1. Under a Cβ-only charge scheme (Lys and Arg +1, Asp and Glu -1), can you give me the dipole magnitude of the range 87-151 about the Cα centre, in debye to the nearest 20?
2. Contact order normalised by length for the chain, with contacts defined as Cα pairs under 8 Å and 6 or more residues apart; what percent is it?
3. At 0.36 nm per residue, and after removing the present C-alpha to C-alpha distance, how many nm does the segment from Asp41 to Thr75 gain when stretched out fully?
4. Rounded to whole Hz and in sequence order, give me ³J(HN,Hα) for the range 49-60 from the Karplus expression 6.51 cos²θ - 1.76 cosθ + 1.60, θ = phi - 60°, writing x for Gly and Pro.
5. Which of the chymotrypsin sites (Phe, Trp or Tyr not before Pro) across the range 25-107 are loop residues per DSSP, with 10 or fewer other Cβ within 10 Å?
6. Projecting each Cα onto the charge dipole of the chain (Lys/Arg +1, Asp/Glu -1 at the beta carbon, about the Cα centre), which of Ser69, Val31, Gly151 comes out farthest on the positive side?
7. Report, largest value first, the span of the C-alpha coordinates of the chain along each principal axis, in whole Å.
8. Per DSSP H run of at least 4 residues, take -39500 (n - 2.57); add these up for the chain, divide by its residues and hand me the 222 nm value, nearest 500 deg cm²/dmol.
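Every number in this text was worked out from the coordinates using simple rules, so none of it is lab data. These numbers were taken from a predicted model, which means no experiment stands behind them. As a convention, Cβ positions derive from the backbone with ideal geometry for all residues, glycine included, and neighbour counts pool all protein chains shown.
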Amino acid sequence: MDLKISWADIDGLRRFDNALKALGDKKMRQVANRAVNRAGDQARTQVRRELARQTGLPRKVIVKAVKVSRSSWQTLDYRMTTRGGDIGLKYFKARETRKGVSAAPFGKRQVFAGTFIKGGKFPGRVPIGMGGQVFKRVGDGRFPIEKQTSGVIIPAEMVKGATVDAFRSTASRVLVERIEHEISRATKGAIS
């Protein structure tokens, strides 16, 4: 899934049409590239912030998961993409209690009964060497065990709710402002 700012998609740019034509193709592409990248960077910040809030994941996980492809003179597109599936409970500040593992997917802390991170008897439990993953027994005995997931899927969350709203509002508002600024800069204030 991805979010994209494209030069051709913004309605507010029609008012700059004559000024951009006066600049010529080379200068126009330079202006557009700078404006799209600046608007994209500001939208990326808002997307990361909202996505972290919406999913309950730490910001550093979101930063690592959301990849950015910046605009160039040829494409004039700024893309944010992500991929992946159901995130493990480990990434939601999981901690073990006597009743199970407590974690906070979607920003709401809850206890997942019968789950565990460590082995042994309370209070002297020890890590089992599985990287802090959360497990649950699926049989009557000690094995088999199954890794537990949260239900949070970053690509699905990125294109809905507050995250996509933040992207759209920031991108449309900032791109028009940046075009105006870059045209003024390119013409040394003659056109503003």
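1. The calculated dipole for the range 87-151 is roughly 240 debye.
2. Worked out over the chain, it gives 29 percent.
3. Difference between extended and current length: 10.6 nm.
4. 4, 5, 5, 5, 5, 5, 8, x, 7, x, 4, 5
5. Trp73
6. Result: Gly151, furthest along the dipole toward the positive end.
7. Extents along the principal axes: 77, 25, 23 Å.
8. -13000 deg cm²/dmol
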